[in-house]
Each structure stands twice: as structure tokens, then as C-alpha cells.
Amino acid sequence: MKITRIKAHPMSMKLDKIYWTSRAPWGTYNTILVEVQTDEGISGIGTINKTPLKDIAEIVLSLEAVIKGMDAFAHEAVWDRIFNLTVPHIEEGQTSVTRPIFDQNKRVFIMAALAGIDLALWDIKGKALKLPMWRLLGGNKREVPAYASGGYYEEGRSPLAVIDEMAGYAAQGYSAVKMKCGGANIEGDIARISGVRKAIGDKTSLMIDANGAYTLRDAERAIKAFEPYDIFWFEEPLHWYDATRGLGRLAACTRVPLASGESEIHFNAVRDQIDLGGIRYVQWDCTRAGGLTEGLRIAAYAMAHGVQIAYHHDPQIHGHLMAAQPHGYCVESFPSIPRDPFWHQVLTQKPKLEAGKLTLGDEPGFGIEIDWKLVERWTI
């Protein structure tokens, strides 16, 4: 089965309001759908959750010439061919070095484009073999725990509105909820976190996500202040430039487990966060960089080092990996319909998400269907 064509659909969906993390506003939901077609009529769909949409979509389309004619089942070979575009290398049968065809500042975009293509190839494999991805990956269960993610700083709303939001998710049956921190001073976040803990009770796990808000010194102060509220994990606490060794120092001074990895773009960075950063939960995102192929490598390394995996975002993709991994902890979900129009509106067929459980189906591949009219409406 040969690869014949690649299509890209960059989509931007305006949200109902501006949602703030500690570092950036979130006013649109942006994603790129990638289609890979084959000479046997089987097509696969992958998703990319990375911006800028136009630059990444253009790279996706340009990669058609690089992998056209390759075996659609040979995901490792396709992965290597695309990845090698980022480094000098010697092609088989050649004697001189082939230099990268993209500028160094395009590496992040290439890894994102690779993610969408790789996921589409895995989707093709599942469809060709008539197996759902969780079965193809060796899983024997279809139900995966899911936590409710939200708790942003919303424009026009009190920062304490998070209390009712998290309580609402707990009332829906979620046994774990996640909220943002680091977008206010420590006293302001203590008011939010303590209020949420009181509202959800002591049987619901509470995760906090800083989105890289703190220096090491400030993170130490913050987590000491938050520890009394029984924090399940402290996610991406440190500024981007100290997100490995700094994590290790932070891990040594708190009993709260650290989680990270969603902002990294390759295996080596996550490896170092496990070895040097002391993280207890890996949050790699297969839709941002490297795809499922890289996600499986990271999962194997995490298991060998006693670290659990809790992939970031996109439960329709990552739920399959969770179901197939003995050290998979949970998937992230966004119960808020306005916050996640892709899940709630664009995906017309997807796993069932209810009361904190994701139930995977028997449809082949990733088992998703798309409302292409909405894709057309939101394509930029």
C-alpha cells in the first residue's frame, strides 16, 4: 500500500470568550486535520494541535513529495525520512552529506507536521487491518479514566468562578479535576485552590497546571503554599529555560508529584525530564510533535523508569495509548462545550466520554468521523 497524496485542513474556531493560562490568552481553538491517501483507497486522518497554522500546513503539503510512493505501513521509515530533514545525514547509497532543506527555526513546525502524518499512517494501518487502535497497540480494555480540565482565568469573570466550575465537574462524576495556577499572585491562587478543595471534597483529586509560570524560587514558595490542599500533581511549574534540571531541584523539595512533557518536541527532552527532572507523570502530546510513533517510544522509556503516562489533550487519540499501556494513568478531557468545539462539534464519531470515563469503540483506526461542512466553514 503506497502513499499517494497528503492534504492539510488548517482550522481556527473562535471561542465564546478569552481564556487565560499563566502565560497566554486562548481565544480560538486551532487545529490542522491531515489526510494521507493511498493507492488502495484507504485514507487516514491525523490531527495537529500547534500553531502557526499556515506555516505548519504548508510544510505538511510540501512533505508529500518527500514520502510519496513509500509504504504506508512503514511508519518508522516514513518517520525517519521526515525527521532527517532537520539534521545533516547521509542517505542510503550516497557518499556525501545531505543537508537539511528547512531552516533551523522550522524544526518545531516539522515535528508538528510529522505528528499529523504519523497519526494518519497509524489510522490507515488500523483501517486496513480492521482493528481499533487500542487493539492494534495490544490493549485488552476499552475503558480509560479521564480527568476534567479547565479552571482558566476568564476575562470578565471573577478568578473565584473556578470554584463552581470544578465543583460542577465533580458533580458530573469526575474523580479528578485540573485548574490553572500562576496567573495570580500566590495569595490569589491560594484563595482559588482552597475554595476548589473545599467545594470538591477530599475524595476528588485536584491537579494544578502552571503552564511554565514560575522561576524555581517562586515555584518552591508556591507549592509549599499549595501543599496543604492535597495537590495530586503540579504541572509544568517552571519557566521554559529551566524545565529540566530545575524540575529536579523542585521535585526534591516537595511531596507533590511533578508532571510535564507536553511542551517538548522530541523523545530526548522527555527522557531528560524523567532522568534529571524527577517527573512522575509524562504528558507528551502526540498531536504536537512526533506522533504516535514517538509517543510509544516515550511510553516505553517511562515504564522502564517507573513513571506513569498521562498524555496531553485529544482523548480521541491518546485514549487508545492509555488503554494499551499498563502504566497509563488517565486522559485529559474538556467537558466545557465552548472551550473545545473540535471535540464537541467537529468530531461526529468519537469515544464516549461520561462521568470521568472514556470508552473506546470498535471502529477501525482511531474510530473518528469528521463533520466536513464544519471543517470547510472554519478552514483558514
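The values are calculated or read from the model by the stated rules, or taken from the named source; none is laboratory data. This structure is a prediction, so every number in the text was calculated from the model and none was measured. In this analysis, Cβ positions are derived from the backbone assuming ideal geometry, glycine residues included, and neighbour counts consider all displayed protein chains. All accessible areas refer to the heavy atoms of the entire protein, side chains included, with ligands and DNA or RNA removed. Shrake-Rupley method; radii C 1.70, N 1.55, O 1.52, S 1.80 Å.
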Checklist entry - So Y153 fits all but one of (1) under 20 Å from K50 (Cβ atoms); (2) of a type in the set (F, W, Y); (3) touching a Phe, Trp or Tyr at 6+ places or on another chain (Cβ under 7 Å); what number is the exception? => result (1)
Checklist outcome for this item: Going through the range 278-315 in order, the residues found to be buried (at least 24 other Cβ atoms within 10 Å of the Cβ), touching a residue at least 60 places away in the same chain (Cβ under 8 Å) and polar (S, T, N, Q) are T287
Item to check | Residues satisfying the stated conditions in the range 192-251, i.e. among the aliphatic types (A, V, I, L, M), closer than 21 Å to D272 by Cα and at pLDDT 95 or above | outcome: A210, A213, L216, A219, L238, L247, L250, A251
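Quick one: count up the residues across the range 121-153 that are over 20 Å from F267 (Cα atoms), in a helix (DSSP H, G or I) and open to solvent by less than 40 Å² (accessible area, probe 1.4 Å). Steps first, please.
Of the range 121-153, the ones over 20 Å from F267 (Cα atoms) are 123-136, 138-153.
Keeping just the survivors that are in a helix (DSSP H, G or I) gives 123-129, 133-136.
Keeping just the survivors that are open to solvent by less than 40 Å² (accessible area, probe 1.4 Å) gives 123-126, 128, 133-134.
Qualifying residue count for the region: 7.
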Checklist outcome for this item: Picked from the range 258-267 (must be open to solvent by 20 Å² or more (accessible area, probe 1.4 Å) and of a type outside the set (A, V, I, L, M)), the residue nearest to G212 (Cα to Cα) is S263
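When residues of the range 335-371 are filtered for being aromatic (F, W, Y) and open to solvent by 10 Å² or more (accessible area, probe 1.4 Å), how many remain?
So in the range 335-371, the residues aromatic (F, W, Y) come out as 342-343, 366.
Checking which are open to solvent by 10 Å² or more (accessible area, probe 1.4 Å) leaves us with 343.
Residues meeting the conditions: 1.
Could you run through the range 175-188 and say how many residues are touching a residue at least 12 places away in the same chain (Cβ under 8 Å) and over 22 Å from S260 (Cβ atoms)?
2
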Checklist entry - Within the bounds of the range 268-277, is there any residue that is touching a helix residue (DSSP H, G or I) at 6+ places or on another chain (Cβ under 8 Å), under 30 Å from N30 (Cα atoms), part of a helix (DSSP H, G or I) and open to solvent by 50 Å² or more (accessible area, probe 1.4 Å)? => result yes
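Considering only the range 43-95, give the helices (runs of 4 or more DSSP H) lying wholly within it that have at least 3 residues that are in contact (Cβ under 8 Å) with a residue 24 or more places away in the chain and either in contact with a Leu (Cβ under 8 Å, 6 or more places away or on another chain) or within 25 Å of G365 (Cβ to Cβ) (or both). Break it down stepwise before answering.
Values: elements: 53-62, 64-67, 75-83.
So the answer is 53-62, 75-83.
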